[in-house]
Structures are given as structure tokens and as C-alpha cells.
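Below: the structure, in C-alpha cells.
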Amino acid sequence: MEEAVARPAPGRGNGKAGGGASALKPVPLGHVEAADVARIPTAIGELDRVLGGGIVPGSLVLIGGSPGIGKSTLTTMALANLAGAGRRTLYVSAEESAAQIKLRAERLAPGPSGTNAALEIPVIAETDLGAVLATLERERPEVCVVDSVQTLHAATLTGAPGSVGQVREVAGEIMRVAKTHGVAVLLVGHVTKEGALAGPRVLEHLVDCVLQFEGERERTYRTLRSLKNRFGSTSEAGVFEMRQDGLVEVLDASARFVGEATRAPGSVVLAAMEGTRPLLVEVQALVSPSELVPPRRVVSGIDRNRLALVLAVLGRHGGVPLGSADVFVNVVGGVRVDEPGADLAVALAVASAARGVPWSEDGAPPLACFGELGLTGELRTVAHPERRLAEARKFGLERIVTPDVGTLRRALAGLRERNRSAESAASVAIC
Ligand code: TYD
Ligand code: MG
């Protein structure tokens, strides 16, 4: 809402500056007292790392993700650990009944204390904002989960739950009560794949921290990323696996993805960066002749526009025309890599699929690579090359194509060599 009171614009020299309010004395930053923020660790290592070391007391954290991705599971597990450690917690569910929450809690594996502390979490199942606020004021938990911001309803406003006005009001009121009483709140928000972010997105400026939980619902791997963090870095990400008994942190993600890599035509390993950590993931491509105009471009785990760019560069500068072929690209395991360093992996995977030639011999370790593709076919350096190289070597990948190769054409030379030797081997066999 616009403010109704007319005020002279400040600092324009028209009339009295400041409108009569008394002036404040600015303080040099060096003199500002800032105590180290104490953190509340959730004992879920990946979550704590993404948060910057744990939950900051009194902070408001928005956890967004598509339905079914595991937001309720993750927040329940975090509260379970906190309850098990003797902290005051509260789970507010405006989506599920207390019985449903209990069913989920019973499925979870025992936490650090050895017992299923999830069953100790106090819960309320309520959709009315007023009742939730009153409960918060009375209970004053240290950490509270509100699941979800779209399903709570503020009676003071018209409009269906989940509408922009409602979502703003709900979050604003929860924040007011939470900051007054020092309650840290994990606010769950649904984000749909189609980008209907209207709900949670309007809250990004309001909350202290925005975490995005992503992955494919049908796949096992999930990444938790920090998009905004007033108390830490935003480049952190954590990898989880959804199991029968809850989410499990994946600490050896690179080893798993390399171990599972197929090494077939169309497969390469990308040395990616997940925040400040290197991660090796397999990128797969499939190229098949198509009559469709335009042909299909299907991606999972990378940006579709980025694929269009890579295909254009491949056609123009790599000698791999794909104008009449469907192209499918997939980052294995449901991981998402949103970084320019993935370009080269996509290009090498697509070229290998188009030619039907694998990058590695039978039994040899897969080929690893990273690098950004420029529009003139040049390879560009990306962040942290030394960490990516070290990670690849750590898992026994010695053949690594880096931006130092210079151009895409040179990067593809290895494939041409292999193509030729495969052809001559075939002709020898026929003779
Ligand atoms: P959920 O946390 O309810 O997702 P969200 O709150 O983001 O909508 O759980 C997502 C899916 O995970 C659900 O379909 C069931 C599955 N699941 C497991 O596989 N193992 C488990 O231990 C739990 C609790 C859920
Ligand atoms: Mg849920």
C-alpha cells in the first residue's frame, strides 16, 4: 500500500530538511558493537553448512521447493534433532493433520540421540494465523517450523490462502512475533516448477535467509542451496538422498556419481562447483534424428537456453550440426548444475552422442571436463579450476579437458581420434 501522508521529498532543499525530525549521529562502522551471533546447530551437517553454521536465534528462514521434494521431511528432522538436544521447538502444520505428521515422524531414522526424537516435537495443526500467533506468543519456542506459508490464512484480509496479499501478511505477522520473542522460524514455501513463484518470491526481501530445495521428485538426490543469507555465504549447497527413513546427507556424492557413470557414447563427467565445494556429476546426452521442426530440446538439470547456445556453437564451430536431430541432456541423479562451467560437458556429451563414439575405452575411467563456451567457439576459464582438477584426480579421473585446451574444436579432437581408430579397427575386423 502507498502511504497516504504527503511529505516533502527529503534532501531536495525545498523547505526544512528532515521534516522536523531530529538528526542522528552516524557512527563509524569500526565502533559498532557486533557480538558474534550464536548459532543453533540442527545436527544436519549439510543444512547447517548451507545456513552458515546453524540457525541464527530469532531469524526467519524461508525454505522453498516444489511439492513432494522433502521440505516437511527436512524440517521435521531438524526439529527432531533440536528437540532431542533439549531445545524448545514447535511444528505448525497448516497442511497436514497431526496424525499425518506423526506418520512421517515415525518413518524417520533415529537421530544422534539414538531415539526417534521426532516424536517429542510439539505440533499444532492449524490454518488460522491468529491462533498460530497466539500459540507462538505463549509457547515461545526457540525454533519453530511453519508449514506452509501458503496455507495459513489471515482472517483480517480477504483473499484466498496463498494469494500474494495473504502470503505477505502471514509472513509479516509471523516475523513480527518471532522477532519480538526471539523465535527462529523455518518458513516452508511451495515453489512450482513452472515458475509460479508469486507466493514465496514476494518474501525474499523480508526474510533473513532463503533456501531452495531442489531436485526431481522421482529421483533420489536433492540439493539444498542458499539463495540469500544475511548471516553467511550464498554459494553453499548441500546434497541429500531421499530414503525410506528420511533424508540422508550425501557426503561422498562425487564418488557415487563417478562410480555410477556409464562411459557409453553421450556420457562425460562434469567437474562442477556446488558453492565452494567441487562435485563430479555425470552429464548424459542422447541425439536422435528428427522430422520435427523445430526438433526437440529436452533438458533436466541444466538450463534450456544454455543448451541452445551450446548446440549453436557446436554446429558453427565444432562441426557437429544438430539442426535435424532431437537432443536430450540429463544431469544424472536429479542434480541441477546452474553454472557456465557445465557448457563444455554438455558439448562433449552431445558430440559423443551424435557420433556414437564414447569418450573412454572399455574399463577406463570416464573423461572429466569443465569450462564455459564462448560464442566464437573459444573455451573460457571458470571459477576454481584447481579445486575441480583436484576433485577429478582424487577419484582417479586423469583425462580431464579444461579451458586451457583453448577452443571447442581442439577439445573435440580427442573424439575424432577415437572415431578414426574405431573405424580402422572395424575395417581391420571386416578384412
Ligand atoms: P515431504 O517432506 O512431505 O515433501 P514436501 O513437504 O516438500 O511436500 O516428502 C516428500 C516425499 O518423500 C513424499 O512423497 C514421501 C517421500 N518420503 C520418503 O521417501 N521417505 C521418508 O522418510 C519420508 C518422510 C518421505
Ligand atoms: Mg510438506
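The values are calculated or read from the model by the stated rules, or taken from the named source; none is laboratory data. Bear in mind the structure is a predicted one, so any value in this text is a computation, not a measurement. Please note: Cβ atoms are built from the backbone with ideal geometry, for glycine as well, and neighbour counts cover all protein chains shown.
Taking the stretch 105-125 as the region of interest, how many residues are modelled with pLDDT under 95 and surrounded by fewer than 16 Cβ atoms within 10 Å (Cβ to Cβ)?
Qualifying residue count for the region: 9.
Check Ala131 against each of (1) away from ligand 1 (no atom under 15 Å from the Cβ); (2) without any contact (Cβ under 8 Å) to a residue 12 or more places away in the chain; (3) closer than 24 Å to Met242 by Cα; (4) of a type in the set (A, V, I, L, M, F, W, C) and name the one condition it does not meet.
(3)
Restricting attention to the stretch 139-174, which residues are out of contact with any helix residue (DSSP H, G or I) (no Cβ under 8 Å at 6 or more places or on another chain), under 17 Å from Ser93 (Cα atoms) and more than 16 Å from ligand 2 (Cβ to nearest atom)?
Selection gives Glu139, Pro141, Gln166, Ala171.
For the stretch 229-271, which positions are basic (Lys, Arg) and more than 30 Å from Ala353 (Cβ to Cβ)? Spell out the reasoning first.
Keep residues of the stretch 229-271 that are basic (Lys, Arg), which gives 230, 243, 256, 263.
Within the stretch 229-271, Arg230, Arg243 meet the criteria.
Would you mind stating whether Leu60 is away from ligand 2 (no atom under 16 Å from the Cβ), touching a residue at least 60 places away in the same chain (Cβ under 8 Å), buried (at least 18 other Cβ atoms within 10 Å of the Cβ) and closer than 21 Å to Thr151 by Cα?
Considered against the rule, which asks whether it is away from ligand 2 (no atom under 16 Å from the Cβ), touching a residue at least 60 places away in the same chain (Cβ under 8 Å), buried (at least 18 other Cβ atoms within 10 Å of the Cβ) and closer than 21 Å to Thr151 by Cα, Leu60 comes out as yes.
Within the stretch 155-163, can one find any residue that is surrounded by 23 or more Cβ atoms within 10 Å (Cβ to Cβ) and in contact (Cβ under 8 Å) with a residue 12 or more places away in the chain?
So in the stretch 155-163, the residues surrounded by 23 or more Cβ atoms within 10 Å (Cβ to Cβ) come out as none.
The answer is no; no qualifying residue exists.
Return a yes/no flag: does the stretch 314-321 have any residue that is surrounded by 23 or more Cβ atoms within 10 Å (Cβ to Cβ) and not hydrophobic (A, V, I, L, M, F, W, C). Show your work before the answer.
We begin by selecting, within the stretch 314-321, every residue surrounded by 23 or more Cβ atoms within 10 Å (Cβ to Cβ); these are 314, 318.
Filter once more, keeping what is not hydrophobic (A, V, I, L, M, F, W, C): 318.
Within the stretch 314-321, one or more residues are surrounded by 23 or more Cβ atoms within 10 Å (Cβ to Cβ) and not hydrophobic (A, V, I, L, M, F, W, C).
I need a count of the residues in the stretch 265-304 that are outside any loop (DSSP other than H, G, I, E, B) and in contact (Cβ under 8 Å) with a residue 24 or more places away in the chain. Talk me through it step by step, then tell me what you get.
Within the stretch 265-304, the subset outside any loop (DSSP other than H, G, I, E, B) is 267-274, 277-289, 297-300, 304.
If we keep only those that are in contact (Cβ under 8 Å) with a residue 24 or more places away in the chain too, we end up with 267-274, 277-289, 297-300.
Summing the residues that are outside any loop (DSSP other than H, G, I, E, B) and in contact (Cβ under 8 Å) with a residue 24 or more places away in the chain in the stretch 265-304 gives 25.
Can you name every residue in the stretch 70-113 that is more than 17 Å from Met242 (Cβ to Cβ), within 12 Å of ligand 1 (Cβ to nearest atom) and assigned to a helix (DSSP H, G or I)?
Gln100, Ile101, Lys102
So the check is Cβ under 8 Å with 6+ separation or different chains; which pairs have a first residue in the stretch 105-123 that's farther than 23 Å from Ser148 by Cβ and a second one that's within 16 Å of ligand 2 (Cβ to nearest atom) and in a strand (DSSP E or B)?
As it stands, the answer is Ala109/Gly246, since those pairs meet every condition given.
Quick one: Ala117 ticks every box in (1) farther than 14 Å from Leu186 by Cα; (2) within 15 Å of ligand 2 (Cβ to nearest atom) except a single one, so which number is it?
Every listed condition holds for Ala117 apart from (2).
Could you list, in sequence order, all residues of the stretch 375-398 that are in contact (Cβ under 8 Å) with a residue 40 or more places away in the chain and either surrounded by 15 or more Cβ atoms within 10 Å (Cβ to Cβ) or in contact with a Cys (Cβ under 6 Å, 6 or more places away or on another chain) (or both)?
Gly377, Val382, His384, Arg388, Leu389, Glu391, Ala392, Phe395, Leu397
What do you reckon, is Val149 surrounded by 16 or more Cβ atoms within 10 Å (Cβ to Cβ), within 16 Å of ligand 1 (Cβ to nearest atom), under 22 Å from Arg39 (Cα atoms) and among the hydrophobic types (A, V, I, L, M, F, W, C)?
no
Of the conditions (1) touching a helix residue (DSSP H, G or I) at 6+ places or on another chain (Cβ under 6 Å); (2) under 29 Å from Arg336 (Cβ atoms), Leu129 fails just one. Which one is it?
(2)
Quickly run through the stretch 24-45 and pick out the residues that are in a loop (DSSP other than H, G, I, E, B), modelled with pLDDT of 90 or more and under 22 Å from Val185 (Cβ atoms).
Arg39, Pro41, Thr42, Ala43, Ile44
Do you know which residues across the stretch 40-57 are within 14 Å of Val239 (Cα to Cα), buried (at least 23 other Cβ atoms within 10 Å of the Cβ) and away from ligand 1 (no atom under 15 Å from the Cβ)? Walk me through how you get there before you give the answer.
Filtering the stretch 40-57 for residues within 14 Å of Val239 (Cα to Cα) gives 44-51.
Remaining after also requiring buried (at least 23 other Cβ atoms within 10 Å of the Cβ): 44, 47, 50-51.
Residues satisfying the conditions are Val50, Leu51.
Every residue, every condition in (1) over 25 Å from the mean Cα position of the chain (by Cα); (2) not aromatic (Phe, Trp, Tyr), yes or no:
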{"site": "Pro67", "(1), (2)": "no, yes"}
{"site": "Thr75", "(1), (2)": "no, yes"}
{"site": "Tyr91", "(1), (2)": "no, no"}
{"site": "Ala94", "(1), (2)": "no, yes"}
{"site": "Gly114", "(1), (2)": "yes, yes"}
{"site": "Val132", "(1), (2)": "yes, yes"}
{"site": "Ala171", "(1), (2)": "no, yes"}
